[in-house]
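Data first, discussion second: the structure below is written as structure tokens.
Read the figures in this text as sums done on the coordinates, not as results from a lab. All of these numbers come straight from a predicted model, not from anything done at the bench. Note: ideal-geometry Cβ built from the backbone for every residue, glycine included; neighbour counts use all protein chains shown.
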Amino acid sequence: MMKKTPRKKAARGRKVGFIGCPPSEVMAQFYDDELIDLDNQIPEVVTSSASEKLLPATTCRIIKRILDNALALKLDLIVFDDGYSKCDNARFLGQILEKLLKDVPLIRTRNDSTEPRGTPISDSFLPLSEKVSLILEGLTGTEKKYDLPPCPGPPAGFWGVPCADTSIYDLFPPGTQVLGWLRCCENRTPADLELECWVNPDVPTVFFAQTFCSKNILAKNLAAEYNGLYVDVDGPLSRSERAKIEAFLHFRQAGY
């Protein structure tokens with residue numbers, strides 16, 4: 001079952017979309033507005049033909065989703081992290097959005113923070129789907145302090161970015177450690193390449209990226225380095241990819 005995108009209801013009536021993980025001090029200016037994460041699936045937005053017409057077929061599903069969301073939601077403002085913490089495709093998409101949405105200001109930011117906020121969610125006993133939801137929800141309001149005991153021996157690892165098909169998270173056992181850009185996102189240091197590439201060598205890890213995403217370069221090579229499973233998916237998870245992940249976790253005894 002697809003989860004609703006994290007969003008905070010407006011106090012002043014503005015709809016503010018955001019892309020990536022903008023700096024906390026910038027986001028704080030909009031905590032009284034309705035904040036909408038444009039990277040995520042929004043139930044009321046049906047995938048339109050706009051992204052198919054305007055973007056190459058070899059464009060990541062998330063980039064297509066950002067464009068469809070931005071065009072459909074009648075936003076008052078877009079806050080965009082277009083630094084190294086996002087990706088070149090998103091940066092190029094910013095140019096298109098400025099031309100298509102002339103009446104919607106696009107605030108460009110660069111989150112180059114090196115101040116760690118910690119990763120208690122990523123390292124907790126919680127189910128993977130709940131971890132990802134909490135990390136993304138944390139972008140839409142004042143950062144919360146979580147008193148979550150760490151999982152001392154994670155049964156598995158999930159390296160990557162938020163998935164277009166969130167059902168993939170249900171394949172992993174509770175306590176699965178969150179790695180990659182998602183971990184950096186919780187830490188509020190999305191441009192920290194060293195943290196993004198950190199992997200626990202003793203934990204069976206699935207390295208995931210959306211098809212056509214540049215992070216496939218990291219995912220494939222890290223999977224080879226740490227004897228993990230490399231998976232790239234365009235949109236919905238196929239039966240074969242699902243079976244591949246289930247088999248990897250089973251034979252590596254990942255919590256089963």
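Here are some notes:
- The chain - convex hull of the alpha-carbon atoms, volume per residue in Å³: 119 Å³
- Between the stretch 54-110 and the stretch 228-250, the C-alpha centres lie 29 angstrom from each other.
- Exceeding the 21 Å Cα-Cα cut-off - candidates LYS64/LYS86; LYS86/LYS220; LYS53/LYS244; LYS86/LYS144: LYS53/LYS244; LYS86/LYS144
- Most fluctuating residue given options GLU44, GLU241, GLU34, as computed from a GNM of the chain linking Cα atoms under 10 Å: GLU44
- Rounded to the nearest whole angstrom, the semi-axes of the ellipsoid equivalent to the stretch 31-155, taken from the Cα gyration tensor as √(5λ), stand at 30, 17, 15, largest first.
- Using just its DSSP H runs of length 4 or more, each adding -39500 (n - 2.57), the chain gives a mean residue ellipticity at 222 nm of -8500 deg cm²/dmol after division by all residues.
- Averaging 1/r over every pair of different alpha carbons in the stretch 145-213 and inverting the result gives a Kirkwood radius of 12.8 Å.
- Rel. contact order, % - alpha carbon contacts under 8 angstrom, at least six apart, the stretch 27-164: 25 percent
- Gain on full extension, evaluated as 0.36 nm per residue between SER240 and ALA72 minus their Cα-Cα distance, stands at 57.2 nm.
- Highest-fluctuation residue, CYS185, CYS151, CYS213 considered, GNM on the chain with Cα pairs under 10 Å: CYS151
- For the stretch 128-251, convex hull of alpha carbons as volume per residue, Å³: 108 Å³
- Simple rule: put +1 on each Lys or Arg Cβ and -1 on each Asp or Glu Cβ in the stretch 7-109, find the dipole, and look at GLY94, TYR31, ILE107; the Cα lying farthest toward the positive end is GLY94.
- Net dipole in debye of the chain [+1 Lys, Arg Cβ; -1 Asp, Glu Cβ; about Cα centre; nearest 20]: 580 debye
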